[in-house]
Amino acid sequence: MQIADKVFVVTGAGNGMGRQVALGLARRGARIAAVDRDSVGLAGTAELASITGIPMSTHVLDLTDDEAVAALPDAVAKAHGQIDGLVNIAGVIHRFAPFSELSPDETDRIMAVNFDATVRMCRAFLPSLLTRPEANITNMSSLSALLPFASQTLYSASKGAVKQFSEGLYAELCDTNVHVVTVFPGNIDTNLTGNSGVAMLDAGDKKVRSATAEAAGKKIVDGIARDRFRVLIGTDALALDILARLSAKRATRLVAKQIKSVL
């Protein structure tokens with residue numbers, strides 16, 4: 001996809017991968033509608049983007065709010081005149097605990113933010129995207145959609161739902177002007193736990209490899225530009241994806257053992 005002179009809506013743009021995707025697209029000449037519920041984080045992203053000289057609008061809203069999301073396409077079109085891409089980055093995890101210990105409120109929140117909000121955004125923006133000569137939808141899944149992570153079972157389920165929805169959307173739209181990219185990051189150095197309001201696991205002396213948010217953002221932007229079907233990020237994602245294809249049971253038990261050792 002040609003990125004220059006396009007308008008992209010990026011959720012989760014107040015920090016982490018969302019911020020880096022917004023900045024990366026802007027550096028390639030795209031105009032950005034940055035979306036997040038964190039007004040301070042959005043202001044920081046807009047300040048960083050100002051050096052590119054490319055316009056960036058900021059939109060503070062809760063992605064679980066039906067009315068706010070339904071009104072967003074008109075607000076973006078008013079600010080930029082068109083909409084060419086939607087990048088759904090925003091997401092949360094739950095506390096590291098077995099499913100049996102999670103409350104209904106915790107599990108409902110994970111599905112509402114990770115899956116329902118992704119569907120809601122796609123439903124709101126797809127009509128506009130279908131009118132453009134070339135358009136993109138990029139959805140954030142996770143390595144945990146390809147391989148389950150013990151103690152993050154509902155997070156894995158929510159991202160598995162995103163995977164199936166996103167790749168199903170690709171199948172439905174593959175003969176249209178809208179290309180769908182699905183992203184599967186492994187361990188990325190962001191503040192996902194803090195943003196989700198949960199405590200980070202203490203790995204002790206164990207070294208946990210992670211990709212930077214900047215590297216992840218670049219890979220996502222490259223995936224959009226190249227119309228990738230899937231974008232896997234991080235050596236852990238690449239290695240565990242291969243292992244899961246060879247032996248799903250062995251890969252699942254390996255990950256479960258590693259997580260159990262730090263719980």
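The values are calculated or read from the model by the stated rules, or taken from the named source; none is laboratory data. In this text, all values refer to a predicted model and were calculated from it rather than measured experimentally. Neighbour counts are summed over all protein chains in view; Cβ atoms, including those assigned to glycine, are modelled from backbone coordinates with ideal geometry. Keep in mind that these areas ignore ligands, DNA and RNA; they rest on the heavy atoms of the full protein, side chains included. Shrake-Rupley method; radii C 1.70, N 1.55, O 1.52, S 1.80 Å.
Positive-end ranking of LEU72, ALA239, THR107 along the dipole of the chain, with charges on Cβ about the Cα centre, is headed by ALA239. Hydrophobic long helices, here whole DSSP H runs in the chain with Kyte-Doolittle means of at least -1.0 and Cα atoms spread over 27 Å or more along the helix axis, are found at 153-173. Each peptide in 43-53, 147-157, 85-95 receives the mean, over its residues, of other Cβ atoms within 10 Å, and ordering these scores from highest gives 85-95, 147-157, 43-53.
For MET1, MET121, what's the largest-to-smallest order of accessible area, 1.4 Å probe?
On the way: MET1 20, MET121 0 Å².
Putting MET1, MET121 in descending order of accessible area: MET1, MET121.
Note on the chain: with a GNM built from Cα contacts shorter than 10 Å, the maximum mean-square fluctuation among VAL21, VAL162, VAL60 falls on VAL60.
Of all aspartates and glutamates in the structure, the ones whose alpha carbon falls short of 14 Å from that of LYS260, not counting any fewer than 8 places away in one chain, are ASP202. Across all directions, the average projected area of the convex hull around the alpha carbons of the range 7-261 is 13.5 nm². Solvent exposure of GLU172, expressed as accessible area, is near 140 Å², computed with a probe of 1.4 Å over the protein chains only. Annotation: aspartates and glutamates with alpha-carbon distance below 19 angstrom to LYS163 (same-chain offsets under eight excluded): ASP108, ASP116, GLU172, ASP227, ASP236, ASP241.
Applying the Karplus relation 6.51 cos²θ - 1.76 cosθ + 1.60 with θ = phi - 60° to the range 175-187 yields 3J(HN,Hα) values of 9, 10, 7, 9, 9, 10, 10, 10, 10, 10, x, x, 7 Hz, where x marks Gly and Pro.
If you run the Gaussian network model on the chain, springs between alpha carbon atoms under 10 Å, then out of ASP66, ASP36, ASP227 the most flexible one is ASP66. Computed over the range 117-195, the Cα gyration tensor eigenvalues convert (square root of 5λ each) into semi-axes of 26, 13, 11 Å, ordered from largest to smallest. For the listed residue pairs LYS159/LYS218; LYS218/LYS249; LYS6/LYS218, the alpha carbons are over 27 angstrom apart in LYS218/LYS249.
What is the packing order of peptides 109-119, 132-142, taking the mean over residues of other C-beta atoms within 10 Å and listing the highest first?
Ranked from most to least packed, the peptides come out as 132-142, 109-119.
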